[in-house]
Amino acid sequence: MGAAAAADRVSVTVTTASDADARAWTAYVDAHPEGTVYHCWPWRRVLAEAFAHVPHYLVARRGERVVGVLPLAQVKTLLFGHSLSSLPFCPYAGPLADDSQAAQALDQAAVALAEKLRVDHLEYRRLPAPDETARGWPSNDLYVVFRKAISPDHDANLNAIPRKQRAMVRKGIKNGLTADAGDLDTFFDLFADNVHRHGTPAHARRYFALLLEAFGEQADLLIVRDPQGNPLSGVLSLYYRGEALPMHAGDYASARDLAANDFKYWSLMRHAVERGCTVFNYGRSKLGTGPYDFKKNWGFEPTPLVYEYKLVRGQGVPQNNPLNPKYRLMIETWRRMPRWFVNAVGPHLVRGLG
């Protein structure tokens, strides 16, 4: 019997990771062809400390060798229910495994944990995997992600932007806008102002501070300013495996007339190239929304995301998103609340909306 065949006969065991597993987890994710920044270990700390979500990071092993991982976090709120998700506040994560036996072992352990915790549902958020065996769980097809290869040549990237959107970038350049690393306080005010105008709760400043601290050189800020140096727009990005991922963005209402948001993403694309990135990930958007159209106008094509739900105590796929009509009145009311109030209360609400 060959070594590979013998290894396949060794049973897979699944345990919950502890701090001692951080190095092995990181090595596995970094080596796995489908590993993403959202599988990375620092999310475990960020989700626990920023939102008090309990991490349940599952590790599958054959003997001493790691053959699969599944990052999960338990989300429990009065308003938005009780779930086990991979992962809240990440557009995708989901299980990584060497083979079908390891993948099945992770699924079984995740379902058993969901039943033990008596959650409403277990949620996998993941990129599509054509060869993966269908689980047969209910799903939600609302979300897509926009990713595209970028050139090391700035002019080539600019010319790849469709004409109308390219004109907006040139407008920002003509308006004398600049971009710099900025600081967290400036970024947070831009972010909080933006989400308030859209009627959604803001994260706490601490969440962004934790992201920057936990990811270190894999994270940074970019702030766009007018010719007088006044901030207009900002973005917090992560970087992994040559991919730039703008995670959170915000702006003041004055940014639109000066094309500051178009200039922001063009500046970030240039910055990503200078960091050695070859892929620009515009992030997740909901179908039929303004952000979806904006990213399409940049010449990016959407890739559907797979959101699967193993219902445990829940009766159906959750609809905790701003497009749900039942939240319309809440959104309109939130927009009229004073900023001091929404900044204070928002973090307690948003923890259940990831």
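If you average the C-alpha positions of the stretch 61-106 and of the stretch 213-250 separately, how far apart do those two centres end up, in angstrom?
Comparing the Cα centres of the stretch 61-106 and the stretch 213-250, I get a distance of 28 Å.
Please give the peptides 142-148, 171-177, 218-224 ranked by average Cβ packing (other Cβ atoms within 10 Å per residue), highest first, as a rough proxy for protection. Please report the intermediate quantities before stating the final value.
On the way: 142-148: 18.7, 171-177: 16.7, 218-224: 20.7.
Averaged packing, sorted descending, gives the order 218-224, 142-148, 171-177.
Order E49, E123, most accessible first, counting only protein heavy atoms with a 1.4 angstrom probe.
Result, largest first: E49, E123.
Counting alpha carbon pairs within less than 8 Å and at least 6 residues apart, what relative contact order, in whole percent, applies to the chain?
The value is 21 percent.
In µm²/s, what is D for the chain at 37 °C and 0.692 mPa s, where D = kT/(6 pi eta Rh) by Stokes-Einstein and Rh is the Kirkwood radius from Cα pairs?
Result for D is 152 µm²/s.
Taking the chain as a Gaussian network, where each spring joins two C-alpha atoms under 10 Å apart, which residue of N157, N194, N281 fluctuates the most?
The residue that fluctuates most here is N157.
Probe of 1.4 angstrom, ligands and nucleic acids ignored: what's the accessible area per residue over the stretch 146-304, in square angstrom?
Numbers: 6990 Å² over 159 residues.
Computed with neighbouring chains in place, this is 44 Å² per residue.
FRET efficiency for T178 and S11, Cβ-Cβ distance as r, R0 = 51 Å, nearest 0.05?
Efficiency computed from Cβ-Cβ geometry: 0.30.
Among T200, Y240, P338, which residue has its Cα furthest toward the positive end of the charge dipole of the chain, with +1 on Lys/Arg Cβ and -1 on Asp/Glu Cβ?
It is P338, whose Cα lies furthest towards the positive end.
Of the cross-linked pairs K76/K286; K286/K310; K148/K171; K164/K296; K174/K264; K174/K295, which ones have a Cα-Cα span greater than 20 Å in the structure shown?
Working: K76/K286 24 Å; K286/K310 22 Å; K148/K171 23 Å; K164/K296 12 Å; K174/K264 14 Å; K174/K295 22 Å.
Check vs 20 Å cut-off fails for K76/K286; K286/K310; K148/K171; K174/K295.
Could you point to the residue in I150, V119, S86 farthest towards the positive end of the stretch 64-186's charge dipole, with +1 and -1 charges on the Cβ of Lys/Arg and Asp/Glu respectively?
Toward the positive end, the furthest listed residue is I150.
Test of understanding: what is the full-extension gain from A149 to T303, defined as 0.36 nm times their sequence separation minus their Cα-Cα distance?
Numbers: separation 154, 0.36 × 154 = 55.44 nm, distance 1.37 nm.
Working it through step by step, the gained length comes to 54.1 nm.
Which value does Rg/Rh take for the stretch 89-139 over its C-alpha atoms, Rh per Kirkwood? Walk me through the intermediate numbers first.
Numbers: Rg = 11.5 Å, Rh = 12.1 Å.
Rg/Rh for the stretch 89-139 comes to 0.95.
So for the stretch 146-304, what percent of the C-alpha to C-alpha distances run longer than 27 Å? Write down the numbers at each step before the final one.
Numbers: 2201 of 12561 pairs.
Percent of Cα pairs beyond 27 Å in the stretch 146-304: 18.
Over the stretch 146-304, what is the mean sequence separation of C-alpha contacts under 8 Å (at least six apart), divided by residue count, expressed as relative contact order in percent?
Worked out over the stretch 146-304, it gives 34 percent.
Highest first, please rank the peptides 248-254, 235-241, 61-67 by the mean number of other Cβ atoms sitting within 10 Å of their residues.
Going by the mean number of other Cβ atoms within 10 Å, highest first, we get 235-241, 248-254, 61-67.
The values are calculated or read from the model by the stated rules, or taken from the named source; none is laboratory data. Only a predicted model underlies this, so the values are computations on that prediction, with no experimental measurement involved. Here the Cβ is made from the backbone with ideal geometry for all residues, glycine too, and neighbour counts use every protein chain on show. Ligands, DNA and RNA are excluded from the accessible area calculation, which covers all protein heavy atoms including side chains. Shrake-Rupley method; radii C 1.70, N 1.55, O 1.52, S 1.80 Å.
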